[in-house]
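One structure below.
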Amino acid sequence: MDGMSQALEDRHIPDVVRPAQGGPTVRVEPYRRRIRGRIGTETIVDSRDPLLLLEEGHLPVYYLPVEDVRADLLEPSDRRTTCPRKGEATYQTIRVGDRVVPDAVWCYQQPIEGCPDISGHVAFYWSALDSWWEEDDQVFVHARDPYKRVDVLRSSRHVRVELDGELLAESHRPLLLFETGLPTRYYLPRADVRLELMEASRTRTSCPYKGTASYLSARVGGELRADLAWSYEQPIPECSKIEQAVCFFNERVDLTVDGERQERPVTAWS
């Protein structure tokens, strides 16, 4: 057994569990990154041995060894919840100075049969902490799914964006962004967008895979169509190709690619 295998054996990594008969899947994997969570400048958890729990229908969640959490900042809670896949969860409250975050931390002290052994680990509501870090890079919104891909490819496809007969953008040099589980997104150079029809919006959203997006509304037929497009002005390094490019919601515009009108996908953004 080599050194790496011995280290994994010594750590007792919980088994991957795949329920029989096509039932919902809960699995746990070692996540070989240093994870830190902070409230203000106070570090609440700092772990080099995190686990990542992947549960069907849910976002990934860090499960962190209890010894890597600041026990002096936690207080018991009376809250209890039951999960049919994992068992009964107990909760703790975080107290940092005058700041109290109720029921922010949970654990399964005795996971039910069929659930990976996550005893000895705790999880946090993401928004309970002010910031999360993988190594020295900040992570936003939720833990990243290692099985989700975001690929950005340069293309020479002919892309037209219209709404109610008004041309909003046209390009022969789009960037095509392929993200697992989502429609293809077409990012267009600003020079190919009719910016005279666009107005900056106050809306901002964050993506753990791309960064923080700012939004643009479009004035069409005298009506302002809110948040019709977005742009990552400073994307994270992994998605640097889309910097400053503009992407319209496929769900809300008439999109034509290489002369073929695209159906509007039905998604949460429709």
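Things worth noting here:
- Scanning segment 220-231 for residues that are more than 19 Å from LEU255 (Cβ to Cβ) and surrounded by 18 or more Cβ atoms within 10 Å (Cβ to Cβ) returns no hits.
- Consider segment 147-157 and keep the residues that are part of a strand (DSSP E or B) and loosely packed, with under 13 Cβ neighbours inside 10 Å. The one that is farthest from the chain's Cα centre (by Cα) is ARG154.
- For segment 196-219, a residue qualifies if it is in contact (Cβ under 8 Å) with a residue 24 or more places away in the chain, surrounded by 16 or more Cβ atoms within 10 Å (Cβ to Cβ) and closer than 23 Å to GLU162 by Cα, and the qualifying residues are LEU197, MET198, SER201, LEU216, ALA218.
- Subset tally (residues that are open to solvent by 80 Å² or more (accessible area, probe 1.4 Å) and over 21 Å from the mean Cα position of the chain (by Cα)) for segment 232-270: 5
- Some residue of segment 54-66 being over 25 Å from GLU113 (Cα atoms) and crowded, with 16+ Cβ neighbours inside 10 Å: no
- Taken over segment 158-172, the criterion of being outside any strand (DSSP E or B) and surrounded by 15 or more Cβ atoms within 10 Å (Cβ to Cβ) is satisfied by HIS158 alone.
- Matching residues, segment 25-53, being more than 17 Å from GLY114 (Cβ to Cβ) and hydroxyl-bearing (Ser, Thr, Tyr): TYR31, THR41, THR43, SER47
- Positions within segment 84-126 being surrounded by fewer than 18 Cβ atoms within 10 Å (Cβ to Cβ), touching a residue at least 60 places away in the same chain (Cβ under 8 Å) and in a strand (DSSP E or B), in sequence order: ARG99
- Tally, over segment 69-79, of residues that are closer than 15 Å to VAL122 by Cβ and open to solvent by 40 Å² or more (accessible area, probe 1.4 Å): 6
The values are calculated or read from the model by the stated rules, or taken from the named source; none is laboratory data. Everything numeric in this text was worked out from a predicted model, so none of it was measured. Neighbour counts are summed over all protein chains in view; Cβ atoms, including those assigned to glycine, are modelled from backbone coordinates with ideal geometry. Just so you know, the surface numbers come from the protein's heavy atoms only, side chains and all, with ligands and any DNA or RNA stripped out. Shrake-Rupley method; radii C 1.70, N 1.55, O 1.52, S 1.80 Å.
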